[in-house]
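A short worksheet on the structure shown next.
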Amino acid sequence: MVAAHLRHWLLVAAGSIAVLAALNCPAVVAQEGASPAEPAVSFELDVLPILTARGCNMGACHGKARGQNGFKLSLLGFDPEFDYSALTQQARGRRVFPAAPQHSLLLRKATGQVPHGGGRRLAEDGDDYATILRWIETGATRRIEGEPTLVRVEVAPTERRLRPGESQPLVVTAFYTDGSQRDVTGRSGFQSNESAVVAVNDQGVIQAGPIPGEAAIMVRYMSQIAVCHVSIPLEGEVPEAVYAELPRNNFVDDLVWAKLQSLGITPSPAADDARFLRRAHLDIIGRLPTPDEVRGFLADPAANKREQLVDRLLDRPEYADHWANKWADLLRPNPYRVGIKAVLNYDHWIRDSFRRNQPYDQFVRELVTAEGSTWRNGAATLFRDRREPEELATLVSQLFLGIRLECAKCHHHPFEKWSQEDFYSFAGYFARVGRKGTGLSPPISGGEEIVLTAKSGSVRHPLTGEQLAARPLFGTARDAAENEDPRRPLADWITAEDNPYFSQVIVNRVWAELMGRGLVDPIDDLRLTNPPSNGPLLEALAAEFRRQGCDLKQLIRTIATSHVYALSSEPNPRNVADNRNHSRHYRTRLRAEVLLDAISDITGVPESFSAMPPDSRANQIWTHRVSSLFLDTFGRPDPNQDPPCERTGEATVTQTLHLMNAPQLHAKVTSDKGRAAALASSDLPVDEIAEELYLRIYGRLPDDEEREVVRQIFADPDTTRRRATEDVMWALLNTAEFVFQD
Amino acid sequence: MWASLALAGVLLAASPLAAAPPEVKGLLPAAVGRGETVSLTVEGTFAEWPVRVLVDGAGVTAEAEETKGRVRVQVAEDAPAGICLLRVADKQGLSAARPLIIDALPSLVEKEPNDEAKDAQLVERSSIVSGQLARNGDVDTYRVRLDAGQTLIASLAAHHVLRSPMDGVLQVATPAGFVLGQSDDERGLDPLLSYSASESGEFLVRVFAFPETPNSTIGFAGGADFRYCLTLTTGGLLDAALPMTATADQPSQLELLGWNLPEAARLLPLPAAAASQPAVGVWHADVSGSLVLPVRSMPSLAATGGTLAEPQEIPLPATVGGRLTAERSGHAFRFLAGKGQALRISADSFALGYPLDPKFVILDESGKQVAEADDTNRQRDASLVFRAPAEGPYRVLVGDLHGQHGQRFVYRLTLEPVEPDAALTVAQDAFSFAADQPLEIPVTIDRRDGFDSELEITAEGLPDGLSASVEKSAAKGDSAKQVKLKLTASGACEPARFRVVARVPGADWQREATLAGDPLQPLARPLWIMAR
């Protein structure tokens, strides 16, 4: 039987592809001493792909951290050295038995000749069985002399538009260092990121579902990844003129319209002025417009009043607290772990950066290279909280590059190219973070700690023990000069103009805050296998962000002055299913702090917080440990949770019940010193009370029907003017129009 | 420095019952302006009233008012700015001293309620406000008006000078409560911040605190002893003077550093100070704040920004004061040392109230590093004893551990021969005892660098009727580290200053005891005694 593994071999010579007659081809790699008719089998190129393709080294089987029944393989075959040792040396070498290859435990288990929890994975008359058998027969060697190594894989096609129900086979080709390539479709893994839109089977055949949309099909062969982008446009023709005539304020509109056109989606109309005003206020400064601001904006005849509004809001002091508060979720640790004072100063450092509108690259640089006392330089608290190079590597790569490395800490990343060596080499940049002073001593941990550059320090590969030099995840970075903190060249590399991840992850984060969903989702997970919904837009925003000196306010201005930002959330028949391409505005629930501040402003009864000066707003709180049942109910992060904490904007029954029944909220609405009491005791007519409440709570005037409802409430003979005012206020606070940003 | 003794003209009245000596816990206000006369509250325990008020401070007089706990303090127009000490005495004894800050700015006292913005206390002109965070959760809020371009300096003196058990925080905020600036630790645990107004208007300054010893309470701390002095000024504020020492018996000129300093206050002539004077006060009539510089019998130099390639030549011994103004900068100095010569080299800054975390390296002529110093005795400042391995030139490079720099990054480098020496301390600054019962004063001796001389220790300058034993401190044994002076009285005597002095018999060596752990050092705090 001719070695079955050769059937897929292709040879590449001088750029031209010569397809060999598979069954008659000579061995691609001939082992010294072996017969030309008996081609050598490569462990890495032939055997391991079989184990991966048959699921032996999956996370559920022998690939999991502790292995299975004493037999452990590296996850998905990412560590050939380890796997070779596991097969040939561990278990007293009985897994492969060169003296009687057919009796090797590897083959007997896999074929079900002896009981195997994983069932029958190989057929005795199959090609894979023959390949492994041949490998054992020829000495079960680790490497063949001159053996090439895998360089990359490619999938064809890389992009495809399908109609609903249509299918398309994929072809996966592996490329090697010697210029050769092979079709590895049969030994590749496939996964769709939107299987309801586009499914893919084990053979690599993609199948469009019934609903329009997009999906990325991930192809994995050994340690290499490739992606095929599939789109299913909405059926039916939309005249080009529809898109040509759409308003365009800046490049954001151009690129969003282009994407919508490619999918046959049409955008919703623009939101009215009142909605835009409320949206911009809540997004940019985290507070509602006052009735005077609403009236003034609605009456303003200026054509560019929306741009003027955005500029005014960006200059407001609330801007810094609102945006710093978002970053506090990502950075600010538990004070019971690192100490109250360290957190207070860290929070101040974050807020001060936003007050000064510090360029984002400087913000990151200061944080990544922070030194000094945790009592004086708040940024140094990062290194009090995260103490190991591995912890810092995962945090920094995720926050500032959108690269999730956590998997690579224990094994090669299953959906990405990152190996353990990549991970620990990157962690090496933090190997010389030194500390002096008082370390952690929870639950108080009140001491002062000084972060400094240690004279030495290194990171070792957990398996090989090899001391790894600091190395960036991709590209090149300068070496640290003598006595220089390695974090400085790291900061240079992270913030470098040619590092696309750095600018893309921040513009994606800001885009998601303003638009309700990131171009990449999750927002801090930029990878080939999680492509952006609009790649050209992400790239253009990132380029513009760079051009504007990493100015976050300018980035917000660019997005908030686009026409796309101002779209209505009302769907039309051609965008009702769209939840990725921003053909309409996506409504979001107000953040906990914004909601509480809004209620305080509306009721005229401020909230009082411990460890905060009077007159403070929820958006200014320096730790999630400041107790507030309201904030906890509306999803602020658990103070015991380690940052970064991404919030979920989901609405819950508890939140609804809290708004309806919480005694604190009731007390605000019914306070003798509150707004309802003041309105009731004023001589304002009912219609004006209704206007005041609608303007404060919804940022708009009531319509005729709403006015009539309010009149009826006030006209009820069983109520008082005070109670009627409170009832209307309470009712409006308990509506989605108040709780959601539209 | 301590030029006058003001004794209130109140006679000690005989009392049939013995009672505890008076105790002064705090003064309010704790700061008084030059030329002001104020009625201040002396918080404490007083078995009887009126009391005698004793002041160590030039140009300051004080007397008890009729109202218990009230003292009238008069500060002369020409009184030097700085810290004076105020204590009281009655027939039972003496209280420990409390510091009273004398400043160029007028004084003001905090008025509650002032927690909320609407109740913020208006500070109409640059002032030094004395206040108290009287209870947990207390926030004191002040209102100031700034013109566009004006720089407000807010500086809190609480933990360091007043020994308040608080870790204060300062904020500058808009009238609506949006924070514009915040400071936590700047001079030790005390905050200081500057804020330049881009627009004219009113601003809030908030003071709140956490306890000096961190705990797990998510809340502001307060209490009767949470006292502070808050300087709020758009005028000059003195922060440092270069060089950071005065040379004994030589006049010199200081470069004053700080904020908003008028041109005329940037250089200050310093008259010659006697070698016996441990320190000199530095102040300027046109700016707030004051400093105390030690007087040393060696040249005091200002750093000229020497580099390793072109180091600044300095003699031995010497002190050099400098400021790091560029990122990752250091100052290099070159000195000549003989083979085996032992030098104590110190770089001080953090303990003096500045943010610089000093470190230094010593290089030989070839550029090889031969010594390095960072933290010493678990303190941020750096010190070591350097023994020159060969005769020749050496360079010392002084910098900040983190390569930081800035307006307040000043340091004092001292290079002096290692000579055996000893320092004496006592645990109290006031002693009172019954005439019929001898008094024991424990004196702690810190022998350094092999100091093995026998000492004779006694009390001097005692008032008539008091006598002290002469105790010997041997080079080894218990007496090497501590002796107990025995004081006897022939009868009651008035409160008086005295000194605890150590001498080496037959040698010209003399040292005076100071108060152990005195936060006001190098200011020499007088010791007081009385017998009843």
Answer yes or no: is there a residue in the stretch A:636-648 that is more than 14 Å from chain B (Cβ to nearest Cβ), touching a Phe, Trp or Tyr at 6+ places or on another chain (Cβ under 9 Å) and without any contact (Cβ under 8 Å) to a residue 40 or more places away in the chain. no
Scanning the stretch A:564-578 residue by residue, those touching a His at 6+ places or on another chain (Cβ under 7 Å) and surrounded by 20 or more Cβ atoms within 10 Å (Cβ to Cβ) turn out to be A:Val564, A:Leu567
Return the residues of the stretch A:604-651 that are of a type outside the set (Val, Ile, Thr) and part of a helix (DSSP H, G or I); say none if nothing qualifies. A:Ala618, A:Asn619, A:Gln620, A:Leu629, A:Phe630, A:Leu631, A:Asp632
It is to be established whether one or more residues within the stretch A:580-603 are in contact with a helix residue (DSSP H, G or I) (Cβ under 9 Å, 6 or more places away or on another chain), without any contact (Cβ under 8 Å) to a residue 12 or more places away in the chain and assigned to a loop (DSSP other than H, G, I, E, B). no
Do you know which residues across the stretch B:160-202 are crowded, with 17+ Cβ neighbours inside 10 Å, within 12 Å of another protein chain (Cβ to nearest Cβ) and more than 25 Å from the chain's Cα centre (by Cα)? B:Val172, B:Ala173, B:Gly177, B:Phe178, B:Val179, B:Leu180, B:Gly181, B:Tyr195
Total residues in the stretch A:521-560, condition hydrophobic (A, V, I, L, M, F, W, C) and touching a Leu at 6+ places or on another chain (Cβ under 8 Å): 10
When restricted to B:Leu424, B:Leu462, B:Leu485, the only residue in a loop (DSSP other than H, G, I, E, B), within 30 Å of B:Asp90 (Cα to Cα) and in contact with a Leu (Cβ under 9 Å, 6 or more places away or on another chain) is B:Leu462
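So that you can scan it fast, the table gives a plain yes or no per residue for (1) surrounded by 18 or more Cβ atoms within 10 Å (Cβ to Cβ); (2) assigned by TED's automatic domain parsing to the domain that holds A:Cys228; (3) touching a residue at least 40 places away in the same chain (Cβ under 8 Å); (4) among the small types (Gly, Ala, Ser):
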position: A:Ala454; (1), (2), (3), (4): no, no, no, yes
position: A:Val459; (1), (2), (3), (4): yes, no, yes, no
position: A:Arg478; (1), (2), (3), (4): no, no, no, no
position: A:Glu484; (1), (2), (3), (4): no, no, no, no
position: A:Arg487; (1), (2), (3), (4): yes, no, yes, no
position: A:Asn499; (1), (2), (3), (4): yes, no, yes, no
position: A:Val507; (1), (2), (3), (4): yes, no, yes, no
position: A:Val510; (1), (2), (3), (4): yes, no, yes, no
Answer yes or no: is there a residue in the stretch A:173-191 that is within 30 Å of A:Arg584 (Cα to Cα) and either touching a strand residue (DSSP E or B) at 6+ places or on another chain (Cβ under 8 Å) or assigned by TED's automatic domain parsing to the domain that holds A:Asn581 (or both). yes
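For the stretch B:72-149, give me every one of the strands (runs of 3 or more DSSP E) that falls completely inside it and has 2 or more residues that are under 29 Å from B:Asn260 (Cα atoms) and among the β-branched types (Val, Ile, Thr). Give the derivation first.
Working: elements: B:82-90, B:98-103, B:107-109, B:127-132, B:140-146.
Result: B:98-103, B:127-132, B:140-146.
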Being of a type in the set (S, T, N, Q), surrounded by 20 or more Cβ atoms within 10 Å (Cβ to Cβ) and more than 29 Å from the chain's Cα centre (by Cα) narrows it down to one of B:Ser479, B:Ser473, B:Ser490, so name that one. B:Ser473
Of all residues making up the stretch A:270-312, the number that are surrounded by 23 or more Cβ atoms within 10 Å (Cβ to Cβ) and within 14 Å of another protein chain (Cβ to nearest Cβ): 2
Kindly provide the set of residues from the stretch A:416-437 that are in contact with a strand residue (DSSP E or B) (Cβ under 6 Å, 6 or more places away or on another chain) and either part of a helix (DSSP H, G or I) or among the aromatic types (Phe, Trp, Tyr) (or both), ordered by number. A:Tyr424, A:Ser425, A:Ala427, A:Gly428
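Tell me which residues, restricted to the stretch A:608-623, are more than 9 Å from chain B (Cβ to nearest Cβ) and touching a residue at least 24 places away in the same chain (Cβ under 8 Å). Steps first, please.
Going through the stretch A:608-623, the residues more than 9 Å from chain B (Cβ to nearest Cβ) turn out to be A:608-609, A:618-619, A:621-622.
Hits for the stretch A:608-623 are A:Ala618, A:Asn619, A:Ile621, A:Trp622.
Restricting to helices (runs of 4 or more DSSP H) lying wholly in the stretch A:321-415: which have 2 or more residues that are under 21 Å from the mean Cα position of the chain (by Cα) and away from chain B (no Cβ under 14 Å)?
On the way: elements: A:335-338, A:340-355, A:360-368, A:381-385, A:389-401.
The qualifying helices (runs of 4 or more DSSP H) are A:360-368, A:389-401.
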Every residue from the stretch B:210-223 that is more than 10 Å from chain A (Cβ to nearest Cβ) and out of contact with any Pro (no Cβ under 9 Å at 6 or more places or on another chain): B:Gly222
Collect the residues in the stretch A:680-699 that are part of a loop (DSSP other than H, G, I, E, B) and surrounded by 20 or more Cβ atoms within 10 Å (Cβ to Cβ), keeping them in residue-number order. A:Tyr698, A:Gly699
Unique residue being of a type outside the set (Val, Ile, Thr) and closer than 26 Å to A:Glu235 by Cβ when the list is A:Arg547, A:Arg584, A:Arg557: A:Arg584
Which condition number does B:Arg408 fail, the rest of (1) within 14 Å of chain A (Cβ to nearest Cβ); (2) at pLDDT below 95 being met? (2)
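Of the residues B:Asp357, B:Asp381, which is within 14 Å of another protein chain (Cβ to nearest Cβ), within 25 Å of the chain's Cα centre (by Cα) and touching a residue at least 40 places away in the same chain (Cβ under 8 Å)? I'd like the intermediate steps shown before the answer.
On the way: B:Asp381 fails: touching a residue at least 40 places away in the same chain (Cβ under 8 Å).
So the residue among B:Asp357, B:Asp381 that is within 14 Å of another protein chain (Cβ to nearest Cβ), within 25 Å of the chain's Cα centre (by Cα) and touching a residue at least 40 places away in the same chain (Cβ under 8 Å) is B:Asp357.
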Please go through the stretch A:416-438 and pick out each residue that is of a type outside the set (S, T, N, Q) and within 14 Å of another protein chain (Cβ to nearest Cβ). A:Arg432, A:Val433, A:Gly434, A:Arg435, A:Lys436, A:Gly437
Output yes when any residue across the stretch B:443-451 is part of a strand (DSSP E or B) and either under 22 Å from B:Arg334 (Cβ atoms) or out of contact with any Lys or Arg (no Cβ under 9 Å at 6 or more places or on another chain) (or both), and no when none is. yes
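Taking the stated definitions as given, is A:Ala731 surrounded by 20 or more Cβ atoms within 10 Å (Cβ to Cβ) and either assigned to a helix (DSSP H, G or I) or assigned by TED's automatic domain parsing to the domain that holds A:Arg275 (or both)?
Working: surrounded by 20 or more Cβ atoms within 10 Å (Cβ to Cβ): no; either assigned to a helix (DSSP H, G or I) or assigned by TED's automatic domain parsing to the domain that holds A:Arg275 (or both): yes.
No; evaluated as a whole, the condition is false for this residue.
Does B:Gly236 qualify as being surrounded by 21 or more Cβ atoms within 10 Å (Cβ to Cβ) and under 26 Å from B:Val129 (Cα atoms)? It would help to see each step written out before you state the result.
Values: surrounded by 21 or more Cβ atoms within 10 Å (Cβ to Cβ): yes; under 26 Å from B:Val129 (Cα atoms): yes.
For B:Gly236, the condition - surrounded by 21 or more Cβ atoms within 10 Å (Cβ to Cβ) and under 26 Å from B:Val129 (Cα atoms) - is met.
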In this structure, does A:Gly402 turn out to be modelled with pLDDT under 95, on the phi > 0 side of the Ramachandran plot and not polar (S, T, N, Q)? no
Which helices (runs of 4 or more DSSP H) sit wholly inside the stretch A:227-297 and have at least 1 residues that are of a type in the set (A, V, I, L, M), more than 20 Å from A:Pro571 (Cβ to Cβ) and without any contact (Cβ under 8 Å) to a residue 12 or more places away in the chain? A:240-244
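The values are calculated or read from the model by the stated rules, or taken from the named source; none is laboratory data. Just so we're clear, the structure is a prediction, and the values are computed from it rather than from any experiment. Neighbour counts are summed over all protein chains in view; Cβ atoms, including those assigned to glycine, are modelled from backbone coordinates with ideal geometry.
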